[in-house]
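Novice: This is the structure I want to talk about, given as structure tokens.
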Amino acid sequence: MEQKLSVIMAADVVGYSRLMELDEKGTLATLMAHRQELWDVAVAAHHGRIVKLIGDGMLMEFRAVEDAVLCAVEIQRGMQTRNAGTQRDRRIEFRIGINLGDILFEDGDVYGDGVNVAARIESLAKPGGISVSASVHDTLGGRLDIRFEDTGAQALKNIGRPVHIYNIVIDDGGSEGAALMAPPTQEIRENPPVKSSRTHLYVSRFANLSGNPDEDYFAAGITQDVVAALSRFSGLNVIVRLPRPEPQPQARTTYYTLEGSVRRAADRVRVNASLTNATGEHIWAEKYDFDLVDMFDVQDELSRSIPAALNVKIEEAERYRILAEPLKGSSAYDFYLRGRHIEKSLKPDEVRRAKEMFLAAVDADPPTPADISGWPGWIYAN
């Protein structure tokens with residue numbers, strides 16, 4: 001079990017039971033679309049990860065308070081746009097709560113007082129609104145042009161102390177008094193910022209091959225769970241492919257694409273998934289067959305097995321790719337990254353290859369005497 005200080009964002013749907021009673025399949029399909037097309041993209045773009053899905057709600061972890069707040073604002077603004085043409089009694093609206101506190105991590109799940117406080121703060125947020133704890137408010141300070149509404153200390157259910165809560169004033173584009181919350185987000189949503197040293201994995205929405213459009217929500221749910229599980233791998237930039245053409249990475253960027261399909265018939269479901277590299281070469285493919293006793297059991301199994309297989313296959317493919325590339329025309333940093341990727345291998349040939357790449361990095365960017373003073377002997381002995 002690991003404990004650390006983290007930023008946790010909790011969210012759930014306002015009036016979910018009422019919406020499900022009005023139109024169960026329609027509500028599920030719309031909710032899945034919001035999650036895939038808005039939530040997944042925004043969370044990834046702001047360096048967050050979805051750690052837990054709880055019915056109509058979810059928990060997300062972020063590296064910094066700024067990331068969590070800007071992500072929440074982007075989502076609530078996006079929901080305003082997506083709900084614009086929907087009847088008021090059919091709109092899906094979220095409450096969001098954000099807290100900075102100690103979190104316990106175990107077996108991919110999160111626990112602790114920090115999580116509980118985030119969930120309780122979320123329950124007090126207005127529909128379509130964002131509430132944060134004083135720890136978030138004070139940490140953020142004046143670094144963003146954000147207005148807060150001070151609600152004072154609040155008694156939270158099952159929390160033994162009052163918690164000071166602030167509401168974020170969201171600019172809806174129609175109020176002069178609302179503060180500018182975040183920079184325009186369209187560019188971020190279409191081309192999320194990613195770390196160049198990590199491998200890009202594009203995930204396309206799993207196609208519904210059942211012949212019944214009412215089953216789209218089921219395929220979208222599988223996509224959602226797989227993306228959430230994949231985002232936990234630190235070596236991957238997981239990017240949800242949007243319904244419009246996705247801008248391609250630069251030529252030297254490594255990326256893979258995951259595609260899949262779902263076919264549901266009576267009490268059976270078949271899921272196909274495949275992984276291709278940047279040249280369209282098939283790296284991995286698998287077929288999964290289930291007796292559809294419990295839909296959530298199917299989604300849980302796929303969210304475990306597919307990411308586990310991809311992690312192994314992508315790591316293997318990257319290692320072979322790096323070993324096959326010539327040591328010419330690369331920068332010092334590129335040599336360094338390639339060496340780091342394979343340096344922990346137990347195979348003698350790959351260990352030697354990693355050493356060659358580190359030495360090539362030294363040749364490409366010669367060090368100063370001060371740099372060399374801290375290096376291991378084998379580097380400058382050669």
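The values are calculated or read from the model by the stated rules, or taken from the named source; none is laboratory data. Predicted model only: the values in this text are computed from it and were never measured. Heads up, the Cβs are rebuilt from the backbone with ideal geometry, glycines too, and the neighbour counts pull from every protein chain shown.
Novice: Show the residue pairs that are 6+ apart or on different chains and have beta-carbon atoms under 7 Å apart, the first residue being within segment 340-363 and under 17 Å from Glu315 (Cα atoms) and at pLDDT below 65, the second being in a helix (DSSP H, G or I) and β-branched (Val, Ile, Thr).
Specialist: Matching pairs, first to second residue: His341/Ile322; Ile342/Ile322; Ser345/Val351.
Novice: Just to confirm my filter: which strands (runs of 3 or more DSSP E) fall fully inside segment 226-320 and include at least 1 residues that are modelled with pLDDT under 85? Outline the logic, then answer.
Specialist: Values: elements: 236-240, 255-265, 268-277, 282-291.
So the answer is 236-240, 255-265.
Novice: Which members of segment 102-129 meet the condition of being more than 17 Å from Ile50 (Cβ to Cβ) and of a type in the set (Val, Ile, Thr)?
Specialist: Scanning segment 102-129 gives Val117, Ile121.
Novice: Can you name every residue in segment 100-151 that is small (Gly, Ala, Ser), more than 15 Å from Leu59 (Cα to Cα) and more than 22 Å from the chain's Cα centre (by Cα)? It would help to see each step written out before you state the result.
Specialist: Keep residues of segment 100-151 that are small (Gly, Ala, Ser), which gives 101, 108, 112, 114, 118-119, 123, 125, 128-129, 131, 133-135, 141-142.
With the extra rule that they be more than 15 Å from Leu59 (Cα to Cα), the set shrinks to 125, 128-129, 133-135, 141-142.
Once the filter is applied, which keeps residues that are small (Gly, Ala, Ser), more than 15 Å from Leu59 (Cα to Cα) and more than 22 Å from the chain's Cα centre (by Cα), segment 100-151 yields Ala125, Ser133, Ala134, Ser135, Gly141, Gly142.
Novice: What pairs come out if I take residues in segment 202-219 that are over 14 Å from Met32 (Cβ atoms) and pair them with residues that are charged (D, E, K, R) whose C-beta lies under 6 Å away, six or more apart or interchain?
Specialist: Tyr202/Arg241; Ser204/Arg241; Ser204/Glu259; Leu209/Arg263; Ser210/Arg263; Ser210/Arg264
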